[in-house]
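Visitor: I have a structure here, written as structure tokens, and I will follow up with some questions on it.
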Amino acid sequence: MSRSAHPAGPRHADVMPEGHYTAPPADLNALDPKVWARTVTRDEDGAVTVGGIGVTRLAEEFGTPAYVLDESDFRARCRAWADAFGQDADVFYAGKAFLSRAVVRWLKEEGLNLDVCSGGELTCALDAGMPAERIAFHGNNKTAEEIERAVTVGVGRIVLDSFQEIARVSHIAQRLGKRQRVQIRVTVGVEAHTHEFIATAHEDQKFGIALAGGQAAEAVRRALTLDGLELIGIHSHIGSQIFDMAGFEVSARRVVQLLAEVRDEHGVELPEIDLGGGLGIAYTSEDDPREPHEIAKALGDIVTRECEAAGLATPRISVEPGRAIVGPTAFTLYEVGTVKPLDGLRTYVSVDGGMSDNIRTALYDAEYTVALASRTSDAEPMLVRVVGKHCESGDIVVKDAFLPSDIAPGDLIAVPATGAYCRSMASNYNHALRPPVLAVRDGAARVIVRRETEEDLLRLDVG
Ligand code: LLP
């Protein structure tokens, strides 16, 4: 997933032909600001601190494993996106990356909107006070109950994903005496350069309605005739963890082409386009993500240019970044339990979490880095694999990384860039208790999602 280069490393290279590791960094104690949240640094004793609080104190007070989120970094990233896109565009944070009621309040305060994709996310958003008109409701198979609720509370838009749903939402809205603002999600036929499971704009997958073969044009035709719908625009999301702007540009161009066709056929200029989320972040030092202002400029330029060429007024643009906002703002703090050197291979460092708190390595072959967090060390670098405590050999958190060779049980280690799609995809595999999310800011830490307890597990098991 990461674009990290994979040259042979200096240790065990002869027995590790498939190694994904780079050479050890010049300074193992250094924390690359690209992959760590903004307030992360080391204190005078060498321990990692975030928001002015050291990890040892966090571990003592809240236990491990724990997701540690830098609140001021989260808020700063929200503002950077909002400022980059300005008054004439809308930024919807994609709640699937990580959602909690505290996060919803931060979004609200920082002026962002919210994309939800299930009844559960909608409940969280509304409960924390996000105004319904600032919510977009997504999903390829929303239930009738979810649609009814979304229409009843008055979400700002429902993104329609199939012909059945076009009819279903209109029917429900009419029954409720409402006219629902909707967008149609189209697949533009772009092969996004990312993992197959998170690419969404090629034709052979479950999301959206294809532009190819006139299907999207037919969807617009139907939506425009239905009384329960107010069609406000077209939506395209091409995939996730993407670095290359070319895919977004092709997508924007094709969406504008559809707007022009709609104008020619129906005499209607749809006022909005949504270009989705998907912007990549740095999981390792090899990744070079784009800044929000570069993305805003690239997308704004292409849409303006294409609209001018087609004689269309420029529509209002919206985007839906999830990972790019929350991903870099958190790290996972683990305690080392065992250190097992495998002669001639590598050393396995086992932590007190694993695939239940970060499934991304097992699922997408994702790359992460790791740092010794409770202290610094001058010991030689050692090639390690950081693994969890689950009953599965694929239970890997960090495939290949370097840690100091004196790493020992009781040390705290931290894996950066785990803010997105880690807690939100966490599981109870092996009856693991999902870790808490700690928000740290200005020298204060608070739990925003508490650690699960064994009582929580038993509560669901009705015996
Ligand atoms: N908008 C739509 C319609 C989406 O489907 C998604 C992500 C986003 C926005 C936000 O994408 P982001 O900016 O966060 O990349 N579990 C995978 C990622 C799945 C993304 C699903 N949709 C992972 O861990 O990489």
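Visitor: Could you tell me which chymotrypsin sites (Phe, Trp or Tyr not before Pro) in the range 358-458 are loop residues by DSSP with no more than 15 other beta carbons within 10 angstrom of their beta carbon?
Guide: Sparse-neighbourhood loop chymotrypsin sites (Phe, Trp or Tyr not before Pro): none present.
Visitor: Given R₀ = 56 Å, what would the calculated FRET efficiency be for Ala30 paired with Asn140, taking r from the Cβ atoms and rounding to 0.05?
Guide: With a Förster radius of 56 Å, E is 0.85.
Visitor: Further question: Quick one: with all protein chains in place, what share of the accessible area of the range 43-146 is carbon or sulfur, to the nearest percent (1.4 Å probe)?
Guide: Carbon and sulfur together cover 42 percent of it.
Visitor: Using the crude model of +1 on Lys and Arg Cβ and -1 on Asp and Glu Cβ, and no other charge, please compute the dipole size for the range 138-321 relative to its Cα centre, in debye to 20.
Guide: That gives the range 138-321 a dipole magnitude of about 880 debye.
Visitor: I'd like to check one number: the per residue accessible area of the chain, probe 1.4 Å, reported in Å² as a whole number.
Guide: Each residue of the chain exposes 41 Å² on average to a 1.4 Å probe.
Visitor: Tell me the carbon and sulfur percent of the accessible area for the range 295-378, rounded to whole percent, probe radius 1.4 Å.
Guide: C and S fraction of accessible area: 51 percent.
Visitor: Remind me, relative contact order of the chain in percent, using alpha carbon pairs under 8 angstrom and six or more residues apart? Could the numbers behind the result be given before it?
Guide: Numbers: 1059 pairs, mean separation 93.5, N = 463.
Contact order relative to length: 20 percent.
Visitor: Might you report the magnitude of the Cβ-based charge dipole of the range 421-463 about its Cα centre, with Lys and Arg at +1 and Asp and Glu at -1, to the nearest 20 debye? Write out the running numbers ahead of the final one.
Guide: Details: 7 positive and 6 negative charges, 51 e Å.
With Lys and Arg at +1 and Asp and Glu at -1, about 240 debye.
Visitor: Name the long-range amide H neighbours of Tyr93: under 5 Å, sequence gap of 5 or more, or other chain; modelled H, no Pro or chain starts.
Guide: Close amide H contacts, sequence-distant or interchain: Asn113, Leu114, Asp115.
Visitor: Ok, one more. Given Gly63, Gln87, Val35, which one lies farthest toward the positive end of the charge dipole of the range 17-94, if we put +1 on the Cβ of every Lys and Arg and -1 on the Cβ of every Asp and Glu?
Guide: Sorting the options by dipole projection puts first Gln87.
Visitor: Using a 1.4 Å probe and counting only protein heavy atoms, arrange Lys108, Lys340 so the residue with the most accessible area comes first.
Guide: I get Lys340, Lys108, largest accessible area first.
Visitor: If you plug each phi of the range 393-399 into the Karplus form 6.51 cos²θ - 1.76 cosθ + 1.60 with θ = phi - 60°, what whole-Hz ³J(HN,Hα) values come out, in order, with x for Gly and Pro?
Guide: Per residue, the Karplus-derived 3J(HN,Hα) values read 6, x, 6, 10, 9, 10, 5 Hz.
Visitor: With r defined as the distance between the Cβ atoms of Asp406 and Asp365 and R0 fixed at 22 Å, what FRET efficiency is calculated, to the nearest 0.05?
Guide: For Asp406 and Asp365, the calculated efficiency is 0.15.
Visitor: Now, a different point. Over the range 138-321, what number does the Rg to Rh ratio reach, with both radii from the alpha-carbon atoms and Rh per Kirkwood?
Guide: 0.98
Visitor: Please work out the FRET efficiency for the pair Asn430 and Lys297, using the Cβ-Cβ distance as r and a Förster radius of 35 Å; give the result to the nearest 0.05.
Guide: On the way: r = 47 Å, r/R0 = 1.34.
Once rounded, the FRET efficiency stands at 0.15.
Visitor: To the nearest 10 square angstrom, how much accessible area does Glu291 have with a 1.4 angstrom probe?
Guide: My reading of the accessible area for Glu291 is about 90 Å².
Visitor: What net charge is computed for the residues neighbouring Glu249, neighbours being all others with C-beta under 11 Å from the C-beta of Glu249, Lys and Arg scored +1, Asp and Glu -1?
Guide: 0
Visitor: Apply the Karplus curve 6.51 cos²θ - 1.76 cosθ + 1.60, θ = phi - 60°, to the phi angles in the range 358-371 and return the couplings in whole Hz, x for Gly and Pro.
Guide: Whole-Hz 3J(HN,Hα) from phi for the range 358-371: 8, 8, 5, 5, 5, 7, 10, 6, 5, 9, 9, 10, 8, 9.
Visitor: Further, regarding this structure: Taking the Cα centre of the range 318-463 as origin, sum charge times position over the Cβ atoms of Lys and Arg (+1) and Asp and Glu (-1), and report the length of that vector in debye to the nearest 20.
Guide: Dipole about the Cα centre, nearest 20: 340 debye.
Visitor: Once neighbouring chains are kept in place and the probe is 1.4 Å, which whole percent of the accessible area of the range 177-284 is contributed by carbon and sulfur?
Guide: Heavy-atom surface of the range 177-284 belonging to carbon and sulfur, 1.4 Å probe: 45 percent.
Visitor: Still on this model: Could you state the orientation-averaged shadow area of the convex hull built on the Cα atoms of the chain, in nm² to one decimal?
Guide: 23.1 nm²
Visitor: I would also like to ask the following. Relative contact order (percent) for the range 330-423, with alpha-carbon contacts under 8 angstrom and 6 or more residues of separation?
Guide: It rounds to 41 percent for the range 330-423.
The values are calculated or read from the model by the stated rules, or taken from the named source; none is laboratory data. Just so you know, these numbers come straight off a predicted model, no measurement behind them. A quick note on method: Cβ atoms are made from the backbone with ideal geometry, for glycine too, and the neighbour counts reach across all protein chains shown. Keep in mind that these areas ignore ligands, DNA and RNA; they rest on the heavy atoms of the full protein, side chains included. Shrake-Rupley method; radii C 1.70, N 1.55, O 1.52, S 1.80 Å.
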